[in-house]
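Working notes for the structure below.
We did not get these values from a lab; they are worked out from the coordinates using the rules stated. Not measured: the values here are computed from a predicted model. With ideal geometry, Cβ positions are generated from the backbone for all residues, glycine too; neighbour counts draw on all protein chains shown.
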Amino acid sequence: MRIGLGSDVHQLVIGRKLILGGEKIPYKLGLLGHSDADVLVHAICDALLGAAGLGDIGEYFPDSDPKFKNINSLKLLIQINLLLKKKGLGLINLDAVIFAQAPKISPFKQAMQKNIAKALEVAVDCINIKATTTEGLGLIGKGEGIGAQCVVLLEQLSN
């Protein structure tokens, strides 16, 4: 069994859509980034890559490559799932937390879990997503950004 940890933070700005877990969240601000800036999916990608000993998301999908401009991060997650399969690894479970002062995340958690489970080809009950605020502290608490952390457990699949 292999454990991986991933995290990501992006700045909130005017003029961008807010995408978390592959879901468009109605909000006045969106996350700034080269791709769709989905911090949750980016944290998941890094956790999976870390558990597999495959580096980090920037090594596979650099922000200097124009082909990844505004890409749906779930497409990146699907590619990472293919890398895991090539190594003979499968997801046992994933536990993630989103840090956001606003908007409220809970109405969208189930849809996010379904999106992520579909991309990783696992049952929805293998995916857990939580959300919390930072009680007004730091850049997240001031509403300047959103962050996410994820831990995953992988197993070696039998051939």
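Points worth noting:
- Potential lengthening between L32 and K118 on full extension [0.36 nm per residue; Cα-Cα distance subtracted]: 28.4 nm
- Rounded to the nearest 20 debye, dipole of the chain from Cβ charges on Lys, Arg, Asp, Glu: 440
- Around the amide H of K130, modelled in the peptide plane, lie the amide H atoms of A96, V97, I98, all under 5 Å away and 5 or more residues distant in sequence or on another chain.
- Protection-proxy order for peptides 33-40, 140-147, 94-101, 83-90, each taking the mean of Cβ atoms within 10 Å per residue, highest first: 33-40, 94-101, 140-147, 83-90
- The Cβ shell under 13 Å around D63 holds other residues with a net charge of -3, Lys and Arg each +1, Asp and Glu each -1.
- Cross-link pairs exceeding 31 Å in C-alpha to C-alpha distance, out of K118/K142; K85/K142; K28/K87; K28/K67, comprise K118/K142; K85/K142; K28/K87.
- Charge dipole of the chain about the Cα centre (unit charges at C-beta), most positive-ward option of I44, L137, G4: I44
- Beta bridge orientation in the chain: antiparallel %, DSSP, nearest 5: 80
- Using Cβ point charges alone (K and R +1, D and E -1), the dipole size of the range 56-132 about the Cα centre works out to roughly 240 debye.
- Other residues whose C-beta falls under 9 angstrom from the C-beta of L31 contribute a net charge of 0, scoring Lys and Arg +1 and Asp and Glu -1.
- When the Cα positions of V124, Q101, P62 are compared along the charge dipole of the chain, V124 comes out farthest toward the positive end, with charges on each C-beta of Lys, Arg, Asp and Glu.
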